[in-house]
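One structure below.
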């Protein structure tokens with residue numbers, strides 16, 4: 001019986017392995033930061049869409065319930081929720097639970113110094129929310145610190161805390177690299193915007 005001699009040269013050399021590891025390291029160094037930016041973009045844009053959907057939901061709920069509805073934003077807690085005015089018990093009630101922003105996203109507009117065109121006169125979050133302590137009408141309670149509210153009346157018109165129509169409502173979120181805005185016109189039209197956080201921004205409507 002004859003045996004064939006095995007070729008001892010099969011396999012990879014140490015130099016080949018080191019070259020593969022080096023190439024992998026270079027590709028990772030390039031790809032990982034880009035993937036981080038991509039995931040960050042998805043988190044911020046996703047939070048902005050969720051916020052915009054909640055504002056739209058508040059407008060529809062106000063009309064459906066023939067009452068007032070608002071988006072209640074906890075600026076420091078980084079959460080928001082849809083609330084409706086309970087005309088029977090004279091209080092705001094939360095509908096659908098509370099939504100939290102992603103870990104890298106906050107309510108704010110960074111270094112952006114101007115609002116989107118034809119929206120607010122000056123960039124700012126929506127007016128401070130009020131509680132319903134001892135009140136018989138929505139929006140006339142005591143201010144709640146570190147909050148912002150977008151309120152709609154039963155006709156789908158945005159109103160301020162004195163129940164007067166307003167065109168100053170806007171909510172801003174940022175992750176430090178970009179800013180998204182949800183604005184509400186006096187007619188009730190809701191728009192979404194985005195821009196890099198620079199001192200001379202170029203807002204783009206989504």
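Any read-out appearing in this document is the output of simple, stated calculations on the displayed coordinates, not a laboratory observation. Keep in mind the model is a prediction, meaning the values are calculated, not measured. Cβ placement follows ideal geometry from the backbone for every residue including glycine, while neighbour counts extend to all protein chains displayed.
The table that follows gives values for the structure above.
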| read-out | value |
| --- | --- |
| Separation of the residue 91 and residue 133 label points, Cα + 7 Å toward Cβ, nm | 1.4 |
| Rel. contact order, % - alpha carbon contacts under 8 angstrom, at least six apart, the stretch 59-113 | 26 |
| Label-point separation, residue 104 to residue 200 (7 Å along Cα→Cβ), nm | 2.8 |
| Range of Cα positions in the stretch 80-158 per principal axis (Å), largest first | 43, 31, 23 |
| Pairwise centroid distance, computed over Cα atoms, of the stretch 50-70 with the stretch 166-190, Å | 15 |
| P(r) histogram, all alpha-carbon pairs of the stretch 14-205 included - 5 Å bins from 0, percent | 1, 8, 15, 18, 17, 12, 8, 5, 4, 3, 3, 2, 2, 1, 1, 0, 0 |
